[in-house]
Every structure is written in C-alpha cells, then in structure tokens.
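FYI, it's all coordinate maths here, none of it is from the lab. Worth saying up front: this structure is predicted, and the values here are computed from it rather than measured. Using ideal geometry, Cβ is built from the backbone for each residue, glycine included, and neighbour counts are taken over all protein chains shown.
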Amino acid sequence: MAGEPQDDCLFCKIVAGEVPATVVRASETTLAFRDINPQAPTHVLVIPKAHHADAAALAAEAPQLAADVLREAGEVARQEGVEEGGYRIVFNTGAGAGQTVFHAHAHVLGGRGLTWPPG
Ligand code: 5GP
Ligand code: ZN
C-alpha cells in the first residue's frame, strides 16, 4: 500500500537503518544522504521516509510530503553551499528516464557547471 515500507526497496532499507548511508540531513518525514555514485561535487538524494514509487505518485498520494521533499532539497543546497552557484533538483520518473530505484527521490546536484538541456 502507498506509504507503507516495502521489503524489497533499497531506500526503505536505508530509512530503516538496514543499509548504511551517509546522511547529511533529516526531518521528521524526510532523509537526505549522499549518492553512492556522485555525478557532481554535491550529489545528495532527498527521499520521503514513507514509500511512494515516484515523484508523481508522491505528489498524488501525499502532497504535503512532496512539499517536504522540495523544501529539504532547498535546505540541502543551502547547507552544501551550492545555492549561490545554482543547482539542479531532478526526479527521474520511469525506467525510460533513468529511474532505477522506485522509491521517490530528488537528486540535488551542484558544485559544477550544469548544462541545459541535460541529454
Ligand atoms: P535513479 O536512477 O533511480 O534516479 O537514482 C537512484 C540513485 O541511487 C542513483 O544515482 C544511484 O547512484 C543511487 N544509489 C543506488 N544504490 C545506492 C546505495 O546503496 N546507496 C546510496 N547512497 N545511493 C545509491
Ligand atoms: Zn521504499
């Protein structure tokens, strides 16, 4: 069911402390930790602690939680010192767009030049 922990979900395991992660920030409803394969000097993932499959499902099922994730993404950028230089918040949605973990997460990328369109 939406919002319930999933046994086979990597990010639910990180929330439960069963898989280690380098946590940079946490709130009552969200967790932010460093991506294991960083694509920029700052590459942090912000996730809702509750399981929702992707950003669209999160927004539909729990709009306040989606807002929490966006707020925390901005706070991560501030905390990491990339706010001034500009940063990117990305939600890959669907396998065709590169989503590999089906627990909603925002990538916060910064600390280098970011081209547009991203390709
Ligand atoms: P997606 O491709 O679904 O948008 O993003 C998933 C992200 O999770 C990838 O950037 C990948 O590097 C990261 N990732 C995969 N496994 C782990 C892990 O065990 N720990 C952490 N911290 N990040 C992971
Ligand atoms: Zn999950």
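Placing unit charges on each Cβ (+1 for Lys and Arg, -1 for Asp and Glu) gives the chain a dipole about its Cα centre, and among T30, C12, L109 the Cα reaching farthest toward its positive end belongs to L109.
Seen against the Cα atoms of the chain and their longest principal axis, helix 63-80 is set at about 40 degrees.
Per-residue Karplus couplings for the stretch 11-24, computed as 6.51 cos²θ - 1.76 cosθ + 1.60 with θ equal to phi - 60°, are listed in order as 6, 4, 5, 5, 4, 6, x, 7, 10, x, 8, 8, 7, 10 Hz, Gly and Pro entered as x. Taking the square roots of five times each eigenvalue of the Cα gyration tensor of the chain, the equivalent ellipsoid has semi-axes of 22, 16, 14 Å, listed largest first.
Scan the stretch 1-67 for GluC sites (Glu not before Pro) in coil per DSSP, keeping those whose Cβ has at most 11 other Cβ atoms within 10 Å, and list them by number. Numbers along the way, then the final one.
On the way: sites: E18, E28, E61; in loops: E18, E28.
Answer in residue order: E18, E28.
Residues whose amide H lies under 5 Å from that of L31, counting only those 5 or more places away or on a different chain, are I47, K49; hydrogens are built 1.01 Å from N in the peptide plane. The string of couplings for the stretch 110-118 from the Karplus curve (6.51, -1.76, 1.60, θ = phi - 60°) is x, x, 8, x, 10, 7, 9, x, x Hz, one whole number per residue in order, with x for Gly and Pro. Coupling constants for the stretch 81-97 follow from the phi torsions by the Karplus curve (6.51 cos²θ - 1.76 cosθ + 1.60, θ = phi - 60°), and in residue order they are x, 9, 4, 5, x, x, 8, 10, 10, 10, 10, 5, 10, x, 4, x, 9 Hz; glycine and proline get x.
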